[in-house]
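K.L.:
Sharing a structure, written as structure tokens. Questions coming.
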Amino acid sequence: MPRILLTIMLFFSCYYAGATTIRGKVTNARNEALPFASVFIKGTTNGTTTNAAGQFHLDVPAGSYILVCQYMGYKKAEQPVTVTATEQTVNFVLVPLSLQIKEVIVKSGGEDPAYAIIRQAIKKRSHYLEQVKEYTCNDYIKGVFKMRDMPGSFFGKKIGADDVEDMGLDSNRRGVLFLSESMTKVAVRRPDDVKVEVLSARQSGGGFGFSFPAFIDFYENNVTAMVSQFSKRGYISPIAENALFYYKYRLEGVFQEDGKTINKIKVIPRRKYEPLFSGYIFITDDDWRIHSIDVMVTQEYQLEIMDTLHITQIHVPVNAAVWRTKDQVINLTIKQFGFNVAGSFVNVYSNYNLTPHFSKKYFDRTIMRYDTAFDRKDLAYWDSIRPVPLEVEEVKDFRTKDSTARARRDSARSQWRLDTLKAHQPPIKLSQLLFSLGGAEHKFYFRRDTGIYSHDLSIKSLLSQVEYNTVEGVALSVEPELDLDLPRNQQLRIIPRVRYGFSNTHLNAYTFVSYGKEARLAGRHGYNTWTIGGGKRVSQFNRDNPVSPIANIVYTLLLKENYMKLYENWFGELRFRRKFQSSATISAGISYEDRIPVQNTTDFSFRKDTGKHFLPNHPYELAGVPFERNQALVLNLAFSFQPGQRFIELPDRKVAIGSKYPVFRIAYSKGIPDIAGSDANFDKWNVEMRDNVNLKLFGEFQYRFGAGGFLNSKSVDIPDFQHFNGNQMFYNIRYLNSFQLAPYYRYSNTAAVFGTANVEHHFNGLLTNKIPLFNRLKWNLVAGSNAFYVNRDNNYVEVFAGLENILKVLRVDVIAGYQSKDDTRIGVRIGFGGLFGSLVRPQQDDTVQ
């Protein structure tokens, strides 16, 4: 265990060993509980927060204190308390604030006095933002999601009683979905350094829980952290530099607290569909700092997924000059597809140290580290350090789900557990094998000394694997997959493919076998994957498979256009890939192909236009480049990495979570002649850089730049050419890796050098939020350009603009393509883009070609 964590744990054990518990409840005059009220020792940031029932407990050493209770909209209360060895009860009954409207001189035009206060707060914003350069504090985090209602089915799939029970819900489909708590030590150094030490964490039923603090700083112009994950643009602070342009303000009144005048100001968005808060901000007089916050965002203000997000903060003095956040509560609601979910995240900050004197190398690329014993704390420990009492429902959830998880672990190797898993598995139906879009799946369970392992057999339905092209005619594939889960984090994947063309009567079959295993190299965690495959298959000339089978069916049968160009090949491959804990990957492989030309064997189409004919299977743009039977032995090497990678450090490994720098990729291919009859003789290189840059209010900029070419091109056949991913069909899914209007093979080449550029800017609501209807639908503008350059006679550029987030998944672009020695083309492309677009967009399979 790191020395700093040992010191912290010793501090907690010594501190609580001589501590006495103060318990109590916070209510109003009508005896109504006040949830999430702040209770702390005066003059410190050591304290607690009430739960939803208004209950609190606070462990303090023996001595005399003044206990302070603070709640939004109520007058702060204080009670002296002398702590002895006996547990004490201290209750608070708070009274509503008696707001007064102070006398002001109203300017011409009747400006509300709130504006003068906000202007002063804006002037002081940067001072308070930069006031504390570095600090540490403790943060207790409790997160909970509760199901309040749910439908009987979801996308046609019934949600049965067993599913409800597995989620931990009652017979009314209500209950706790997720519950976690953690104690962390947070270290911050402006502007960007953060390190979180997770001292302890638990989740009901097992897991890591939610342990990263939600840093929401309203002194920032753009409020980020948890809010930005549901709106990439972030939200404009009520005291941002340009806040007066976005908000209206109204002084609700003032009240006195500890000799200070506090101004309660209502924050009102000037326009809907902007990333804005509504609610209240409390500003102190004279020093113009934030006293507390009570604001909300809704879907009318660019909130996605959630319906409401409610944030409250209470700030308290750490010393005479510095105030920091004491409590922060985030409440959210989600009402989508018949589900009604409510959640909350409570952060209780304490023990601020404003002069931590970090060592020079304290902040490294690990931003979150879990203590080696973070998940081994007993109930007595949690009862001693938890500042927010659990509610009755939460106590029950921890007890029930932990017991269930423990029973499952204890029975993980038992015959009873094996029989249970088998009994809950539904039988495969014939309709799944024939017609289902999802196909069929069956799990085989095996018991070993180390536990029970599942082997997953899946097969796509025959209907989903019917294709049509002019070479094979109707082609039917059988595509099962067998995934074997093996001991010691090993996996074996077997992927056979059988395909028959009814027009050319060719049977093609091949198999890939992939073996993966966790492995350490120089003491560092990583994952190694070996893949071997061979057989006979049908391939597109461009290995990126730019023409999808479904689109090809539509264009071939309805429009009489056969863009898919194929060849057959007997092949054998051996590949190795290692993924390092830094997310860098290195891959090496060698492949052999015996390539066989194929011709069109059918001209059937529903379009009966006698003046239109199918083109030959050979790419018409490369009519002058012959393709005859040939053999190719090719060595492929690639390396990709992202510098500046940041990590979450678990007790046994590090997990990479990204970087502010781009991802780089370097690749090299060598055609090896005169071995096994290989005709290939070339050296091909490629480099690439890509990144997504979040510009907050101004949207997200994405780019991909590449360069490559042939160092040697003595013998290069069409499959080994440099191909650019053209697109002559109505839809596109290869954003940043395609040219939306370019022909598929017109620009294929063996040049020594080429360059590519793909750029897109996603406005994420900017501009379209000011257009009626578009702002309500949340359709967002996207624009960009794609280009490549080989030489003066071989180059292409296109510009496009479109709308995305249509129905949360669709994207439509209008493109103008400028091609060398050709007329300008204008086209429209449909694809997936927006909130869920990337989730439904088909992923390229890099294992099977």
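The values are calculated or read from the model by the stated rules, or taken from the named source; none is laboratory data. Owing to the predicted nature of the structure, the values given are computational and were not obtained by experimental measurement. Note: ideal-geometry Cβ built from the backbone for every residue, glycine included; neighbour counts use all protein chains shown.
K.L.:
Take the range 222-268 and flag every residue that is in contact with a Gly (Cβ under 9 Å, 6 or more places away or on another chain), at pLDDT 95 or above and outside any strand (DSSP E or B).
P.N.:
Matches in the range 222-268: PRO238 only.
K.L.:
Just to be sure I understand, how many residues within the range 672-704 are among the hydrophobic types (A, V, I, L, M, F, W, C) and farther than 30 Å from GLY784 by Cα?
P.N.:
Qualifying residue count for the region: 5.
Okay, residues lined up against (1) closer than 30 Å to GLY110 by Cα; (2) surrounded by 18 or more Cβ atoms within 10 Å (Cβ to Cβ); (3) touching a residue at least 60 places away in the same chain (Cβ under 8 Å); (4) of a type outside the set (Ser, Thr, Tyr):
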site: LYS185; (1), (2), (3), (4): no, yes, yes, yes
site: VAL188; (1), (2), (3), (4): no, yes, no, yes
site: GLY205; (1), (2), (3), (4): no, yes, yes, yes
site: PRO238; (1), (2), (3), (4): yes, yes, yes, yes
site: GLU252; (1), (2), (3), (4): yes, no, yes, yes
site: THR261; (1), (2), (3), (4): yes, no, yes, no
site: VAL267; (1), (2), (3), (4): yes, yes, no, yes
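K.L.:
Pull up the range 465-493, narrow it to residues that are at pLDDT 85 or above and surrounded by fewer than 16 Cβ atoms within 10 Å (Cβ to Cβ), then point me to the one that is farthest from SER539 (Cα to Cα).
P.N.:
Looking at residues that are at pLDDT 85 or above and surrounded by fewer than 16 Cβ atoms within 10 Å (Cβ to Cβ), I get GLN490.
K.L.:
Does PRO151 satisfy the criteria of being outside any strand (DSSP E or B), within 26 Å of ASP364 (Cα to Cα) and at pLDDT below 90?
P.N.:
When the stated conditions are applied, PRO151 does not pass them.
K.L.:
It is to be established whether one or more residues within the range 685-695 are in contact (Cβ under 8 Å) with a residue 60 or more places away in the chain, farther than 25 Å from GLU621 by Cα, touching an Asp or Glu at 6+ places or on another chain (Cβ under 7 Å) and in a strand (DSSP E or B).
P.N.:
Looking through the range 685-695, at least one residue is in contact (Cβ under 8 Å) with a residue 60 or more places away in the chain, farther than 25 Å from GLU621 by Cα, touching an Asp or Glu at 6+ places or on another chain (Cβ under 7 Å) and in a strand (DSSP E or B).
K.L.:
Something else now. Out of the residues in the range 326-344 that are surrounded by 20 or more Cβ atoms within 10 Å (Cβ to Cβ) and in contact (Cβ under 8 Å) with a residue 40 or more places away in the chain, which is nearest to the chain's Cα centre (by Cα)?
P.N.:
ILE330
K.L.:
Collect the residues in the range 53-75 that are crowded, with 18+ Cβ neighbours inside 10 Å and not in a strand (DSSP E or B), keeping them in residue-number order.
P.N.:
Hits for the range 53-75 are GLY54, TYR71, MET72.
K.L.:
While we're looking at this one, here's another question. Got a number for residues in the range 675-710 being at pLDDT 95 or above and out of contact with any strand residue (DSSP E or B) (no Cβ under 8 Å at 6 or more places or on another chain)?
P.N.:
0
K.L.:
Scan the range 128-150 for residues that are over 22 Å from ALA405 (Cα atoms) and under 26 Å from the mean Cα position of the chain (by Cα) and jot them down.
P.N.:
ASP139, TYR140, ILE141, ARG148, ASP149, MET150, listed by residue number.
K.L.:
When the residues of the range 621-640 are filtered to those that are part of a strand (DSSP E or B) and in contact with a Phe, Trp or Tyr (Cβ under 6 Å, 6 or more places away or on another chain), which remaining residue is nearest to VAL687 (Cα to Cα)?
P.N.:
LEU637
K.L.:
How many residues, within the range 156-183, are part of a loop (DSSP other than H, G, I, E, B) and without any contact (Cβ under 8 Å) to a residue 60 or more places away in the chain?
P.N.:
10
K.L.:
Consider only pairs whose beta carbons are under 8 Å apart and that are at least six residues apart or on different chains; among these, list those whose first residue lies in the range 287-307 and is farther than 20 Å from MET72 by Cβ and whose second residue is among the small types (Gly, Ala, Ser).
P.N.:
TYR301/SER278; GLN302/SER231; GLN302/GLY765; LEU303/SER231; GLU304/SER231
K.L.:
Would you call LYS579 buried (at least 17 other Cβ atoms within 10 Å of the Cβ), touching a residue at least 12 places away in the same chain (Cβ under 8 Å), of a type outside the set (A, V, I, L, M, F, W, C) and touching a Pro at 6+ places or on another chain (Cβ under 6 Å)?
P.N.:
no
K.L.:
Name the single residue that is farthest from GLY234 (Cα to Cα) among those in the range 762-813 being touching a strand residue (DSSP E or B) at 6+ places or on another chain (Cβ under 7 Å) and basic (Lys, Arg).
P.N.:
ARG811
K.L.:
Does at least one position in the range 168-181 carry a residue that is over 22 Å from ILE330 (Cβ atoms), hydrophobic (A, V, I, L, M, F, W, C) and at pLDDT 85 or above?
P.N.:
So far as the range 168-181 goes, no, none of its residues is over 22 Å from ILE330 (Cβ atoms), hydrophobic (A, V, I, L, M, F, W, C) and at pLDDT 85 or above.
K.L.:
Considering only residues of the range 711-737 that are touching a Pro at 6+ places or on another chain (Cβ under 7 Å) and either acidic (Asp, Glu) or under 26 Å from PHE832 (Cβ atoms) (or both), which is modelled with the lowest pLDDT?
P.N.:
Top of the filtered list is ILE733.
K.L.:
Considering only residues that are closer than 27 Å to LYS232 by Cβ and not β-branched (Val, Ile, Thr), which ones fall in the range 299-323?
P.N.:
Answer for the range 299-323, where residues must be closer than 27 Å to LYS232 by Cβ and not β-branched (Val, Ile, Thr): GLN299, GLU300, TYR301, GLN302, LEU303, GLU304, MET306, ASP307, LEU309, HIS310, GLN313.
K.L.:
Tell me, which residue of the range 481-496 that is touching a Pro at 6+ places or on another chain (Cβ under 9 Å) and in contact (Cβ under 8 Å) with a residue 24 or more places away in the chain is nearest to SER454 (Cα to Cα)?
P.N.:
Among those residues, the one meeting the criterion is LEU482.
Every residue, every condition in (1) among the aliphatic types (A, V, I, L, M); (2) farther than 30 Å from ASP674 by Cβ; (3) in a helix (DSSP H, G or I), yes or no:
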{"site": "PRO546", "(1), (2), (3)": "no, yes, no"}
{"site": "LEU557", "(1), (2), (3)": "yes, yes, yes"}
{"site": "TYR563", "(1), (2), (3)": "no, yes, no"}
{"site": "ALA588", "(1), (2), (3)": "yes, no, no"}
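K.L.:
Here's another thing I want to ask about it. Answer with yes or no whether ARG324 is farther than 21 Å from PHE210 by Cβ, charged (D, E, K, R) and assigned to a helix (DSSP H, G or I).
P.N.:
no
K.L.:
If a residue has to be among the aliphatic types (A, V, I, L, M) and touching a Leu at 6+ places or on another chain (Cβ under 6 Å) to count, how many in the range 805-839 make the cut?
P.N.:
Within the range 805-839, residues that are among the aliphatic types (A, V, I, L, M) and touching a Leu at 6+ places or on another chain (Cβ under 6 Å) number 2.
K.L.:
When the residues of the range 763-788 are filtered to those that are modelled with pLDDT of 95 or more and not hydrophobic (A, V, I, L, M, F, W, C), which remaining residue is surrounded by the most Cβ atoms within 10 Å (Cβ to Cβ)?
P.N.:
Looking at the filtered set, the residue picked out is ASN786.
K.L.:
State whether one or more residues within the range 114-128 are assigned to a strand (DSSP E or B) and of a type in the set (A, V, I, L, M, F, W, C).
P.N.:
no
K.L.:
Continuing with the same structure: Among the residues of the range 131-141, is any of a type outside the set (S, T, N, Q), modelled with pLDDT under 90, crowded, with 18+ Cβ neighbours inside 10 Å and in contact with a helix residue (DSSP H, G or I) (Cβ under 8 Å, 6 or more places away or on another chain)?
P.N.:
no
K.L.:
Identify all residues within the range 716-766 that are part of a strand (DSSP E or B) and not aliphatic (A, V, I, L, M); write none if there are none.
P.N.:
Of everything in the range 716-766, those that are part of a strand (DSSP E or B) and not aliphatic (A, V, I, L, M) turn out to be GLN722, TYR731, ASN749, PHE754, GLY755, THR756, ASN758, GLU760, HIS761, HIS762.
K.L.:
Further question: Residues in the range 641-667 that are among the small types (Gly, Ala, Ser), part of a strand (DSSP E or B) and within 26 Å of ASP364 (Cβ to Cβ): how many?
P.N.:
Residues in the range 641-667 being among the small types (Gly, Ala, Ser), part of a strand (DSSP E or B) and within 26 Å of ASP364 (Cβ to Cβ): 2 in total.
K.L.:
Which count do you get for residues in the range 20-52 that are of a type in the set (A, V, I, L, M), surrounded by fewer than 16 Cβ atoms within 10 Å (Cβ to Cβ) and more than 13 Å from VAL93 (Cα to Cα)?
P.N.:
So the answer is 0.
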